[in-house]
Number of protein chains: 2
Amino acid sequence: MVTSTALLTDRYELTMLDAALRDGTGDRASVFEVFSRRLSGGRRYGVLAGTGRLLEAVERFRFGDAELSWLGQEGVVSPATVDWLADYRFRGSISGYREGELYFPTSPVLTVEGSFAEAVILETLILSILNADSAIATAAARMVSAAGDRPLAEMGSRRTQERAAVSASRAAFIAGFSATSNLEAGRRWGVPTMGTAAHAFTLLHDSEEAAFQAQIDAMGPSTTLLVDTYDVMTAVETAVRLAGPELGAVRIDSGDLPVVVQAVRARLDELGATGTRITVTNDLDEYAIAGLAASPVDSYGAGTRLVGGSGYPTAGFVYKLVERADADGTMRAVAKKSVEKAGTGGRKWAFRLLEDGVATEERIVVADEQPAVPDARDLIVPLVVDGAADPAHLGADGVRAAREHHARVVRELPPEAKRLSGGDPAIPTALR
Amino acid sequence: MVTSTALLTDRYELTMLDAALRDGTGDRASVFEVFSRRLSGGRRYGVLAGTGRLLEAVERFRFGDAELSWLGQEGVVSPATVDWLADYRFRGSISGYREGELYFPTSPVLTVEGSFAEAVILETLILSILNADSAIATAAARMVSAAGDRPLAEMGSRRTQERAAVSASRAAFIAGFSATSNLEAGRRWGVPTMGTAAHAFTLLHDSEEAAFQAQIDAMGPSTTLLVDTYDVMTAVETAVRLAGPELGAVRIDSGDLPVVVQAVRARLDELGATGTRITVTNDLDEYAIAGLAASPVDSYGAGTRLVGGSGYPTAGFVYKLVERADADGTMRAVAKKSVEKAGTGGRKWAFRLLEDGVATEERIVVADEQPAVPDARDLIVPLVVDGAADPAHLGADGVRAAREHHARVVRELPPEAKRLSGGDPAIPTALR
């Protein structure tokens, strides 16, 4: 059985559908666009994530008997619309930025084409997935950038909703994290998993020594021992005494990290455990990670701050109708004029202009057909054609491809884009 | 088929299990406690939510063939531990605060008793659910308090992960919201759903008038019309002209709300639509809601800020071993001594002291057996006894009970607890 995603939807999507089917406008060819008016928190760039998950969720956006009978019973839509939904599957087309791609204000990261009826009801699902995953990927990319060559593990599952934890692990991996604590992210999306022990394991035993010995017996000396349950320096000595210099790593989860890390490194070296690594995991965000750049840390674990998008838990994407057919079939650009929320109508294309391999501009072109733009990377690829998703974007293979794509394109950013302070986007957006 | 929750778990839970089963300490009777060291953001009280969801998720915490073969294949645990997991279901006991209850720093909101092995592996799932849902409920309660008698609808689904959206709707309802946009929250948890149309519906039509007429035809004149796609005052006039004075409501989603709302109310009244309500929905949080107290708003919709916990997306709960058996079976209090994260060992009980019905103190008592505390409300109830969950806490009935409980106990707070500014907890916690 495959779980339906159809009710992960705001009621107004279905009431709009109901009214549009009734007056015939539901059949009008339509173009919806996903974009963000600005980058949260004065960030220099955003990282798109969630596309692969979205394509799988759209495939499962079907109304089965359970969904239909509930909608009918609650009177959400008319019986005629219930019948229409029974046959529904998305038969239109979706194109957009590759997963892992960077985006800037008004970048058209996803374009959905189909009848108004078939496209409007996907709004909630599309925005839930892209807003959540891109917020995490954007925060993760900043942490990866701050960490330099040192690897980062995602360990925020205990600080976010249990299913959001899985997608957060996936998004962080795409943005360059090396591993996750979350087992379902490992099984479902192929993210490498890691983790050894919490403080409870030490407290369970009659002594810290007994706990360390038990862990070494089970996992071998290359394991990571948690050394801050009682006294850190005593624990480091016990750890090396039991595991020998092959001890894989020690983990520190509290205290004034720059000071503690320095002292632990010195003690490990004195004890001959020069190859033993130090990993730190205490509510780290990109600023704390940057603050440890000069400390002898070997790897970081980031949790709470990462899964909260480092202060910006949603990416600010909206889903707007930008073009639709008139009664006679002629396509017309449309846009609302609300105060501070005005949009730009029309089907759009997007290019990243490059000079010597460095990004200089996000060029957005309003046009019916794809234009040619020299010295630019074409940003929009087909994702779903006539209802069929390109399998390259799905599952663990899609995640791997997105991670590789991200690693490639993040290198195009100008150096000032790596600044952590708030400011302007790394490159300007130009709408032509 | 019921979906397993077993892999919504950090790898270290299973590696600890593996090592503890190997050295025999996994059988030690253990007491784990969930508490938060502080209230995020200087809030005056927290609202516990997620308990009912948690009990259902614990019931589904079983390792089927798919989970076991993946764990074996990845080498997460030994073959002996795979066999142990195949038979696993939680057979211990869980007690705690009722869902919807208030909590304060160090309140023991959940206590899990069982063998170390069976209790430790629930950590991730317990914290994911309680941290996420309580963060939302706490933010929601502040918005409800700021809104006074005016109803609030939750409409944040597009701004949070698609499954987190469902639990966020549920948590907001428990904390006093009246309805949600999220259909799955309606079906799964019995939360009333609402919603009519987005800007796309107006843009789809050849004119705003045509869109309004289509919506009125489908939903009747008591519907809510969205009036800010083009010019608000023109839209209000069109709306009343088409629907008559029976027009249910107008929704405003942009602009300088106090000014716009005042003007719209005046125009509606001039047009004779004195019963037509005004609902506003523009990125509201508790401060924006409080700022509209003097405006003629009839109801609020809150989304983005609510589902982000109004700046604090996680509640800060931790899951700590506080007591466990020695090799000879004697129970011993345990606690780590990490810098700034030291805990208090021992099984705890909790009471809310009241004077004339007003809460004065959170009393926490370390004791093996439940003590008697006069003039106090006993906060801890049994939730799972010998592996069996109390059905009163489950499903839509559990949600309704939690909402009623919350409405009752929030009235016990002293008046200063309703302040939105950061500060001390509304009542002190005393540990005896």
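The values are calculated or read from the model by the stated rules, or taken from the named source; none is laboratory data. The model shown is predicted, which means the values in this text are computed figures rather than measured ones. Cβ coordinates were reconstructed from backbone atoms using ideal geometry, including for glycine residues, and neighbour counts include every protein chain displayed.
Things to note:
- Criterion (buried (at least 21 other Cβ atoms within 10 Å of the Cβ) and either touching an Asp or Glu at 6+ places or on another chain (Cβ under 9 Å) or not β-branched (Val, Ile, Thr) (or both)) met by exactly one of A:Glu184, A:Glu246: A:Glu184
- Only residues that are in a loop (DSSP other than H, G, I, E, B) and either in the same structural domain as A:Leu102 (by TED's automatic domain parsing) or of a type in the set (S, T, N, Q) (or both) were counted across segment A:175-191, and they come to 2.
- Residue-level check: of (1) within 7 Å of chain B (Cβ to nearest Cβ); (2) surrounded by 21 or more Cβ atoms within 10 Å (Cβ to Cβ); (3) charged (D, E, K, R), A:Glu154 misses just (1).
- Flag if A:Phe63 is aromatic (Phe, Trp, Tyr) and in contact (Cβ under 8 Å) with a residue 60 or more places away in the chain: no
- Which listed residue is surrounded by 21 or more Cβ atoms within 10 Å (Cβ to Cβ) and touching a residue at least 24 places away in the same chain (Cβ under 8 Å), from A:Tyr103, A:Tyr88: A:Tyr103
- Segment A:13-57 - residue that is touching a strand residue (DSSP E or B) at 6+ places or on another chain (Cβ under 9 Å) and either among the basic types (Lys, Arg) or under 18 Å from B:Ala165 (Cβ atoms) (or both) and, of those, nearest to the other protein chains (Cβ to nearest Cβ): A:Arg28
- Within segment A:199-209, the presence of a residue that is at pLDDT 95 or above, within 12 Å of chain B (Cβ to nearest Cβ) and farther than 18 Å from B:Leu321 by Cα is excluded.
- Within segment B:384-426, the residues that satisfy the criterion of being outside any loop (DSSP other than H, G, I, E, B), closer than 24 Å to B:Ser167 by Cα and aliphatic (A, V, I, L, M) are B:Val384, B:Ala388, B:Ala389, B:Ala392, B:Ala396, B:Val399, B:Ala401, B:Ala402, B:Ala407, B:Val409, B:Val410.
- Hey, A:Ala168 modelled with pLDDT of 95 or more, in contact with a helix residue (DSSP H, G or I) (Cβ under 8 Å, 6 or more places away or on another chain), assigned by TED's automatic domain parsing to the domain that holds A:Gln215 and not hydroxyl-bearing (Ser, Thr, Tyr) or not: no
This table checks each residue for (1) part of a helix (DSSP H, G or I); (2) surrounded by fewer than 24 Cβ atoms within 10 Å (Cβ to Cβ).
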residue: A:Met16; (1), (2): yes, no
residue: A:Ala19; (1), (2): yes, no
residue: A:Phe35; (1), (2): no, no
residue: A:Arg38; (1), (2): no, yes
residue: A:Leu54; (1), (2): yes, no
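- Residues (out of contact with any helix residue (DSSP H, G or I) (no Cβ under 6 Å at 6 or more places or on another chain) and surrounded by 14 or more Cβ atoms within 10 Å (Cβ to Cβ)) located in segment A:420-429: A:Pro425, A:Ile427, A:Thr429
- Residue that is surrounded by the most Cβ atoms within 10 Å (Cβ to Cβ), among those in segment A:221-237 that are closer than 23 Å to B:Thr81 by Cβ, away from chain B (no Cβ under 11 Å) and of a type outside the set (Ser, Thr, Tyr): A:Leu225
- Subset of segment A:119-144 that is of a type in the set (Gly, Ala, Ser) and in contact with a Gly (Cβ under 8 Å, 6 or more places away or on another chain) - its residue that is surrounded by the fewest Cβ atoms within 10 Å (Cβ to Cβ): A:Ala119
- Hits in segment B:101-119 (condition: more than 14 Å from chain A (Cβ to nearest Cβ) and either part of a loop (DSSP other than H, G, I, E, B) or among the polar types (S, T, N, Q) (or both)): B:Glu101, B:Phe104, B:Pro105, B:Thr106, B:Ser107, B:Pro108, B:Val109, B:Thr111
- Taken together, A:Arg150, A:Arg158, A:Arg142 contain a single residue that is more than 25 Å from B:Leu54 (Cα to Cα) and assigned to a helix (DSSP H, G or I), which is A:Arg142.
- Residues of segment B:60-100 that are part of a loop (DSSP other than H, G, I, E, B), among the aliphatic types (A, V, I, L, M) and out of contact with any strand residue (DSSP E or B) (no Cβ under 8 Å at 6 or more places or on another chain): B:Val77 alone.
- Search result, residues across segment B:1-12 that are over 23 Å from B:Gly345 (Cβ atoms), at the interface with another protein chain (Cβ under 7 Å from one of its Cβ atoms), out of contact with any strand residue (DSSP E or B) (no Cβ under 7 Å at 6 or more places or on another chain) and of a type outside the set (S, T, N, Q): B:Met1, B:Leu7, B:Leu8
- Failed item in (1) outside the structural domain of B:Val366 (by TED's automatic domain parsing); (2) more than 24 Å from B:Glu74 (Cα to Cα), with B:Thr3 passing the rest: (2)
- Evaluation of B:Arg163 against the conditions (1) in contact (Cβ under 8 Å) with a residue 12 or more places away in the chain; (2) touching a Leu at 6+ places or on another chain (Cβ under 9 Å) shows that the sole unmet condition is (1).
- Of the helices (runs of 4 or more DSSP H) contained entirely in segment A:245-362, those carrying at least 3 residues that are on the phi < 0 side of the Ramachandran plot, outside the structural domain of A:Leu127 (by TED's automatic domain parsing) and hydrophobic (A, V, I, L, M, F, W, C) fall at A:257-270, A:286-291.
- Candidate set: segment A:320-356, residues that are among the basic types (Lys, Arg) and away from chain B (no Cβ under 11 Å); chosen: the one surrounded by the most Cβ atoms within 10 Å (Cβ to Cβ): A:Arg352
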